[in-house]
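The structure under discussion appears below in the form of structure tokens.
The values are calculated or read from the model by the stated rules, or taken from the named source; none is laboratory data. Since the model is a prediction, treat every value here as computed from it, not as a measurement. When we count neighbours, we look across all protein chains shown, and the Cβ atoms used for this are built from the backbone with ideal geometry, even at glycine.
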Amino acid sequence: MQIVNPLYDTAFLCLMQNQKYAKKVLSVILYVDVVDVYLGQQETYFIDVRNGFI
């Protein structure tokens, strides 16, 4: 199992949050012209009923 370097993960997340840059990065990676990108919610929160944490 490999662990992702948090520095690179954060940089990639910042690039993916801007639609203009996300289309460019994905176009380079996939070797196709990306026309549209849907930027959805990345994190999901849940309430831990046993401990009362969010």
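Side notes on the structure shown:
- Scanning the stretch 24-48 for residues that are within 15 Å of C14 (Cβ to Cβ), of a type in the set (A, V, I, L, M) and part of a loop (DSSP other than H, G, I, E, B) yields a total of 2.
- Of the residues making up the stretch 7-44, those that are surrounded by fewer than 10 Cβ atoms within 10 Å (Cβ to Cβ), of a type in the set (F, W, Y) and at pLDDT 75 or above are Y31, Y38.
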